[in-house]
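Notes to accompany the following structure.
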Amino acid sequence: MNADIVQTAQTRSQQIAACLELLRDALPIQRRVVHAGDVLYQAGERFTTLHVLNSGMVKIVNLSTDGREQVVGLHFRGDWLGFDGIASGYYGCDAIAMDTGEVWSFRYDALLEACATKPALLQVLHEAMSREIGRDRDSMMSLCTLPADARVADFLRNWAAALAERGLRTDQITLRMTRAEIGNYLGMTLETVSRALSRLARTDVIRFAEKGRREIQIPQVEALERFIQGCVAPAATV
């Protein structure tokens with residue numbers, strides 16, 4: 001990664017650590033160890049509690065109009081969960097652990113009470129909400145504007161960036177999602193995802209580290225960005 005990206009990642013890592021420390025000091029927190037497949041909360045469940053990931057990964061799942069599960073969000077350490085329940089009083093989606101991790105939970109009313117006397121905590125809450133809005137916007141832009149290969153490359157780039165922001169290695173990542181789940185999340189078929197990954201591998205943007213193809217090596221994260229730009233450049237010159 002170039003120096004600017006590294007500096008941004010380091011800053012974000014520090015922000016996550018500071019946020020977790022602030023929450024721990026300001027609120028009564030319930031800690032819970034979760035494993036892959038564990039449900040943190042379900043759509044329709046009454047909202048009383050917000051959650052923050054201290055470790056691990058969580059996917060947000062919604063039901064489409066035809067009853068199929070739709071992956072609508074991915075969350076890493078430091079991310080907040082449950083904002084969708086504030087307006088209606090009920091969670092709108094399911095939150096499901098993708099691997100072993102720890103979730104911090106705290107009552108929303110206790111958070112608001114603490115925010116009244118701790119401006120720094122209120123700022124952290126607003127930043128988390130703003131980041132969620134920005135992430136949803138970027139995801140929609142990717143779905144609406146990028147061709148399939150670029151969409152998969154952007155997915156891997158964002159995953160690597162999330163790991164970098166948490167002080168984790170980005171040269172090799174373990175996909176905690178099947179090809180079908182990735183396709184579900186990106187709005188494409190399993191076959192299209194597999195073909196896109198194969199094309200990325202053929203151009204040496206990524207490498208498969210094992211036969212199961214769940215471990216993906218990324219020699220240079222910047223190469224993913226160049227690949228994405230190469231996919232959209234022809235359309236921009238028309």
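Every number in this text was worked out from the coordinates using simple rules, so none of it is lab data. All values reported here derive from a predicted model rather than from experimental measurement. For neighbour counting, all protein chains shown are included, and Cβ atoms are generated from backbone atoms with ideal geometry for every residue, glycine included.
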Open item on the list: Is there a quick way to get the dipole size of region 38-139? I mean about its Cα centre, with the Cβ of Lys and Arg at +1 and of Asp and Glu at -1; what is the value in debye to the nearest 20?
Closed with: 200 debye
- [ ] Could you tell me how many degrees, from 0 to 90 and to the nearest 10, lie between the Cα long axis of helix 148-164 and the main elongation axis, the longest principal axis, of the Cα atoms of the chain?
- [x] 50 degrees
- [ ] Extending each Cα 7 Å along its Cβ direction at Glu127 and Arg46, get the distance between those two points in nm, one decimal.
- [x] 3.4 nm
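How big is the charge dipole of region 141-238 about its Cα centre, in debye rounded to the nearest 20, if each Lys and Arg gets +1 on its Cβ and each Asp and Glu gets -1 on its Cβ? Spell out each step's value before the answer.
Values: 14 positive and 11 negative charges, 50 e Å.
Using Cβ point charges on Lys, Arg, Asp and Glu, region 141-238 gives about 240 debye.
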Task: Amide H partners (placed H, <5 Å) of Asp38, local residues excluded - done: Ala97
TODO: Measure nothing but the geometry: give the 0 to 90° angle between the long axis through the Cα atoms of 190-202 and the longest principal axis through the Cα atoms of the chain, rounded to 10°.
DONE: 60 degrees
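Would you work out if the chain is rounded, prolate or oblate? Take a ≥ b ≥ c from the square roots of the eigenvalues of the alpha-carbon gyration tensor; rounded if a/c is under 1.5, else prolate when a/b is larger than b/c, oblate otherwise.
prolate
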Task: For region 53-60, Karplus couplings with θ = phi - 60° (6.51, -1.76, 1.60), whole Hz, Gly/Pro x - done: 7, 8, 6, x, 9, 9, 10, 9
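Quick one: net charge around Ala36, please, counting Lys, Arg +1 and Asp, Glu -1 for every other residue with C-beta under 15 Å from its C-beta. The partial results should precede the final answer.
Working: positive: Arg32, Lys59, Arg176, Arg214; negative: Asp38, Asp94, Asp99, Glu102, Glu181.
My count for the surroundings of Ala36 gives -1.
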